[in-house]
Amino acid sequence: MIITRRTALIGATSLLAGCDRLNNSESFRGLTAKAERANFTIQRSLQDRMALAREFAPEQRSRVFRANGTRLPSGEDYARHAVEKFANWRVVVDGLVARPLSLSLPDLQKVPLRTQTTRHDCVEGWSAIGQWTGAPLKLILDAAGLKPSARFLVFHCADRMRGGVPYYESIDLLDAFHSQTILAWGLNGELLDVPHGAPVRLRVERQLGYKHAKYVQRIEAVADLAGVYGGKGGYWEDSTGYEWYAGI
Amino acid sequence: MAGMSADPPHKRTTRLWHWTNAVAVIVMLMSGATISNAHRFLYWGQKGAMPEEAWLRVPRFPGWLTLPSHYDLSSAREWHLAFAWLFAFGFGAFLAASLLNGHFQRDLRVGRAGSRYHPLQKLIYCGLLFGMLPLLIGTGLTLSPGMNAAWPWLLDLFGGRQSARTIHFLLAGTMAAFLVGHVALVLVSGPARLMRSMLWGGEGTQ
């Protein structure tokens with residue numbers, strides 16, 4: 001067997017083409033999706049339900065907290081809310097709950113607050129540390145009373161993405177009731193600003209940045225994600241194929 | 001070289017791991033290149049997000065080096081994290097098998113006569129097996145916010161997520177350099193004989 005540069009090149013090129021073909025093959029992607037599912041299962045079994053994300057000292061905060069995704073939601077509605085300093089903003093809690101809620105910003109600020117200095121990890125690779133203040137989601141869910149059939153929470157947001165599709169994200173109940181999961185209205189000692197999700201964003205500290213829905217207007221308790229928008233549990237999951245479980 | 005034909009055949013476990021690992025390493029290097037293209041700055045410590053915080057700006061990897069060949073971060077992550085299973089568990093199984101079948105004791109122990117390897121080869125293989133591969137796996141795990149919560153000591157071990165990301169990237173670069181050197185050495189020192197040895201176990205029947 002003689003391996004010349006020519007055969008090596010041909011081999012390498014066909015390997016590349018083969019990988020791209022595999023990338024578009026449904027059955028192969030079914031396999032990598034199974035591996036993704038396995039990653040989720042293994043992580044959840046290694047992780048104590050209540051295991052905390054690392055919290056940092058105030059002096060470890062990023063000097064500039066990078067803002068990503070939507071920095072300014074389009075549309076007159078959001079612009080009006082911003083001018084009104086979000087006085088008429090409401091976070092509706094509905095779906096599979098016993099007592100639907102409609103919470104104003106002062107309502108959220110009345111809930112015993114939690115402040116945490118945590119690291120925000122973008123799927124692209126960067127990390128920023130900031131101090132978040134907000135209402136523990138658990139307290140709000142306890143007030144609304146989840147029905148036994150509820151299994152996921154869907155966060156509907158005010159920002160519109162490509163084609164006017166609203167941003168949304170979802171988490172399961174394990175993350176929803178985690179002690180570091182908060183509806184944050186403050187960042188680094190000030191009210192949340194528009195690039196970081198004013199007036200209210202989700203913090204779900206054991207997952208990547210795209211799960212931390214900004215501009216939250218509605219929290220819907222559902223039994224199943226299949227009927228929600230594209231069915232994959234989030235805007236990026238539906239549109240670009242990012243993993244629903246973003247713990248990795 | 002005639003003297004080398006006295007090599008005992010490679011064990012089946014060594015051959016099996018060699019090829020599954022070759023696939024895993026190539027897929028992970030190429031999908032890793034796509035992931036690097038997503039944010040081409042490296043930092044040291046717990047955090048890092050802005051160019052002015054970076055210690056290194058990484059060049060963009062061209063499409064013929066990335067998987068997929070066009071920029072597609074979600075697919076690259078899926079490939080990378082799926083083949084990580086093959087990489088980590090293949091490595092673990094090979095370690096266990098090689099301890100049990102005496103491969104390490106025979107071929108990697110320093111100063112031991114009868115090894116198939118040159119001392120420099122021993123040094124490189126030991127560095128790979130007991131340094132680079134475990135560190136690649138450890139720093140890779142540290143990049144996961146879920147694993148940070150499950151095993152917070154990972155952050156202390158590597159000095160933060162962004163340090164781990166830097167170490168992961170540099171080790172991957174070293175792995176790519178090893179791969180190039182390894183393939184080049186095989187090509188110059190008898191590709192047919194060495195391929196036969198790694199595919200079918202040796203040249204005992206020659």
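Separation between the A:Arg99 and B:Glu52 pseudo-spin-labels, each 7 Å from Cα along Cα→Cβ, expressed in nm?
4.9
Using a 10 angstrom cutoff on alpha carbons, build the Gaussian network for chain A and name the most mobile of A:Val200, A:Val83, A:Val92.
Its mean-square fluctuation being the largest, the pick is A:Val83.
Using the number of other C-beta atoms within 10 angstrom as an exposure proxy, rank A:Tyr210, B:Tyr117 with the fewest first.
Lowest to highest Cβ neighbour count: B:Tyr117, A:Tyr210.
State the extension gain, in nm to one decimal, for the chain segment bounded by B:Leu194 and B:Ala113, taking 0.36 nm per residue of separation less the distance between their alpha-carbons.
Length difference between fully extended and current span is 27.0 nm.
Using a 10 Å cut-off on Cβ to Cβ distances, tally the other chain neighbours for every residue of A:219-229 and report the average as a whole number.
Mean partner-chain Cβ count within 10 Å for A:219-229: 0.
So which residue, out of B:Met50, B:Met28, B:Met132, gets the largest mean-square fluctuation from a GNM of chain B using Cα contacts under 10 Å as springs?
Top of the fluctuation ranking is B:Met50.
Along the Cα→Cβ direction, 7 angstrom out, place labels at A:Lys138 and B:Gln105. What is the inter-label distance in nm?
Simple spin-label model gives 5.2 nm for this pair.
Under a GNM of chain A (C-alpha, springs under 10 Å), which listed residue has the highest mean-square fluctuation: A:Pro199, A:Pro106, A:Pro58?
A:Pro106
Need the list of lysines near A:Lys138 for cross-linking: C-alpha distance under 19 angstrom, and skip anything on the same chain fewer than eight residues off.
A:Lys110, A:Lys147, A:Lys211, A:Lys214
Check every DSSP H run in chain B and write down those whose alpha carbon atoms cover 18 angstrom or more along the long axis and whose mean Kyte-Doolittle hydropathy is -1.0 or greater.
B:12-38, B:73-100, B:161-188
Please work out the FRET efficiency for the pair A:Gln109 and B:Thr174, using the Cβ-Cβ distance as r and a Förster radius of 45 Å; give the result to the nearest 0.05.
For A:Gln109 and B:Thr174, the calculated efficiency is 0.30.
Rule-based calculations on the coordinates, nothing more; no lab input. Since the structure is predicted, the reported quantities are computational estimates derived from the model, not experimental observations. Please note: Cβ atoms are built from the backbone with ideal geometry, for glycine as well, and neighbour counts cover all protein chains shown.
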